[in-house]
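Data block below; observations after.
The values are calculated or read from the model by the stated rules, or taken from the named source; none is laboratory data. Computed from a predicted model, the values in this text were never measured in an experiment. Note that each Cβ is placed from the backbone with ideal geometry, even for glycine, and that neighbours are counted across all protein chains shown.
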Amino acid sequence: MMDHDQQPTTMPDEYFMEIALGLAEEAAESGEIPVGAVVVCRNRIIAKSRNQTEQLTDVTAHAELMAITAAEHYLGSKYLTDCTLYVTLEPCVMCAGALFWAQLGRLVIGASDPKRGYSRIQTPLLHPKTRLETGILAEESQALLAKFFNRLRT
Ligand SMILES: [Zn+2]
């Protein structure tokens, strides 16, 4: 369980987003749209996931949803109020809804998604207590997505 004696060293957001980007790259390598997610609780990674919609033939197998499920199982709680979720691409409406139900403490987003992102909806979808940070390693995430879709086209 949690080590209370050890003073947690606070890692920068870029550190965890870098790990999420690695998971997104893994997704691309197996033919999935490259999106990766990491859940951090008290400076410790408790869940890692990547998009698996092709592999599982399941449109709900988004990186965020799988990360939420894994984190909740790990904590034995359906709420993620003390957690930060790092995701390389802005969550869709479905995932934003799930993050609302999980009462996520903090959301850190890489690239924005003007086409499918939740923020194109006028009504706020995230939980009012969820703190938000955007644009962390956005260019790296965008480049990964662009490379993936370019390869599909050629
Ligand atoms: Zn989603």
For Ile109, only one of the following conditions fails: (1) among the hydrophobic types (A, V, I, L, M, F, W, C); (2) in a helix (DSSP H, G or I); (3) touching an Asp or Glu at 6+ places or on another chain (Cβ under 7 Å). What is its number? (2)
When you go through Phe16, Phe100 one by one, which is the residue that is assigned to a helix (DSSP H, G or I), buried (at least 16 other Cβ atoms within 10 Å of the Cβ) and more than 16 Å from the ligand (Cβ to nearest atom)? Phe16
Which condition from (1) surrounded by fewer than 21 Cβ atoms within 10 Å (Cβ to Cβ); (2) away from the ligand (no atom under 13 Å from the Cβ) is the one that Ile136 breaks? (1)
Expected single match for surrounded by fewer than 21 Cβ atoms within 10 Å (Cβ to Cβ), among the hydroxyl-bearing types (Ser, Thr, Tyr), on the phi > 0 side of the Ramachandran plot and away from the ligand (no atom under 15 Å from the Cβ) among Thr57, Thr10 is Thr57
Just checking, how many residues over the stretch 8-43 are closer than 24 Å to Tyr79 by Cβ and at pLDDT below 95? 5
In the stretch 19-42, what residues are surrounded by 14 or more Cβ atoms within 10 Å (Cβ to Cβ) and in a loop (DSSP other than H, G, I, E, B)? Glu32, Ile33, Pro34, Val35
Can you pull out the residues in the stretch 67-93 that are within 11 Å of the ligand (Cβ to nearest atom) and buried (at least 16 other Cβ atoms within 10 Å of the Cβ)? Ala67, Ile68, Val87, Leu89, Glu90, Pro91, Cys92
